Amino acid sequence: MTAEQIIFLIVGAVTLISGLMVVTVRNLIHAALWLVATLFGVAILYTLLNASFLAVVQVVVYIGAIAILFIFAVMLTRRQSAETGASVNTNWWMGALMAVLTFAGLAYLLQSWSGFSKQASAIPSGFDAINQLGDALTSPAGFVLPFEVASVLLLAALVGAVYLAFTKK
Amino acid sequence: MIPLSWYLILAAGLFSIGLFGVLARRNAVAILLSVELMLNAVNINLVAFWRYGDVSLMAGQVFASIVFSVAAAEVAVGLALVISVYRRRNTVVAEELDLLKW
């Protein structure tokens, strides 16, 4: 086993276990903090995959903004009975069955695919992934249209969120 | 070296955990937390396919960054909806929000 594989196994186990804690733990603040652990694990996986820019964005946007937004929302919607009642509904076993079936189906489909155990080819020397990503996002031959649509989507979400959470006098 | 299969299986596991959370949790904020797990699983797949395919084609990373912005928009609107519902109904438990249930 190489060092990379050992790092992957440790990070993968931490990611999956903290993911399980997110969906099972009763206290929602703790669930949001476990989500931060999961997101950190995913950021380390991005680093293992040589996607350094996405790893940084994962920490800044996901952990810095989204997870903190979750913690604010949990604090704003606290209620005593919501924390003493069950954390899962009465049909939780059906959800667990669906999740196990989905995982089994995905695993079966993936292992029947020919590229399943493909190895990564070495990154060519002088290849700058961040430079390439910037080019792809801004060149008209690349993805400039989805990039602009994403910015319009963010603006619409901003306006919509302010409108929805606004208290009318 | 790590084979592609490890990433795909890990992402499938994370997606299934998120699916369980969406289907089973009662609190609306917890459901949104689980949706984040599912979006992250998809992102792992996109970046893994970029790395194990032709690295000079950036579509995988571009799609992953667009998923980031969609996730940010989804969380902002979703949490605003949850806070708005909490103000009107004084609850965030999904099964108590049954106004549209026939």
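Worth pointing out:
- Per residue value of the accessible surface for chain A (all protein chains in place, 1.4 Å probe), Å²: 59 Å²
- Estimated [θ] at 222 nm from DSSP helical runs (n ≥ 4, -39500 (n - 2.57)) normalised by residues in chain A, nearest 500: -22000 deg cm²/dmol
- Segment A:142-169 and segment A:23-50 have Cα centres spaced 26 Å apart.
- For the pair B and A, total buried accessible area rounded to nearest 100 Å², probe 1.4 Å: 7300 Å²
- Per-pair calculated FRET efficiency, R0 = 35 Å: A:PHE72 and A:GLU4 via Cβ, rounded to 0.05: 0.40
- For segment A:56-68, putting each phi into the Karplus relation 6.51 cos²θ - 1.76 cosθ + 1.60 with θ = phi - 60° gives couplings of 5, 5, 4, 5, 6, 7, 6, 6, x, 10, 5, 5, 5 Hz, in residue order, rounded to whole numbers and with x for Gly and Pro.
- Backbone HN-Hα couplings from phi across segment B:90-98 [Karplus 6.51/-1.76/1.60, Hz, Gly and Pro as x]: 6, 8, 10, 7, 4, 7, 8, 8, 10
- Distant-in-sequence amide H partners of B:ASN27 (H built 1.01 Å from N, under 5 Å): B:ALA94
- Gyration tensor verdict on segment A:1-75 (Cα atoms; rounded if a/c is under 1.5, prolate if a/b is larger than b/c, oblate otherwise): oblate
- Most fluctuating residue given options A:ILE66, A:ILE123, A:ILE29, as computed from a GNM of chain A linking Cα atoms under 10 Å: A:ILE123
- Ordered by solvent-accessible area of protein heavy atoms (1.4 Å probe), largest first, the residues A:MET75, A:MET1 come out as A:MET1, A:MET75.
- Pair A:TRP93, B:ASP54: separation of 7 Å Cα→Cβ label points (nm): 5.2 nm
- Our coupling estimate for segment A:13-26, obtained by passing each phi through the Karplus curve with A = 6.51, B = -1.76, C = 1.60 and θ = phi - 60°, is 5, 4, 4, 5, 5, 5, x, 4, 5, 4, 8, 10, 5, 7 Hz, Gly and Pro reported as x.
- A:GLU148 - accessible surface, heavy atoms, 1.4 Å probe, Å² rounded to 10: 90 Å²
- For the protein assembly as shown: rounded, prolate or oblate by the Cα gyration tensor [a/c cutoff 1.5]: oblate
The values are calculated or read from the model by the stated rules, or taken from the named source; none is laboratory data. Note that this is a predicted model, so its numbers are computed, not measured. Here Cβ is always computed from backbone atoms with ideal geometry, including for glycine, and neighbour counts include all displayed protein chains. These accessible areas exclude ligands, DNA and RNA; they are computed on the full protein's heavy atoms, side chains included. Shrake-Rupley method; radii C 1.70, N 1.55, O 1.52, S 1.80 Å.
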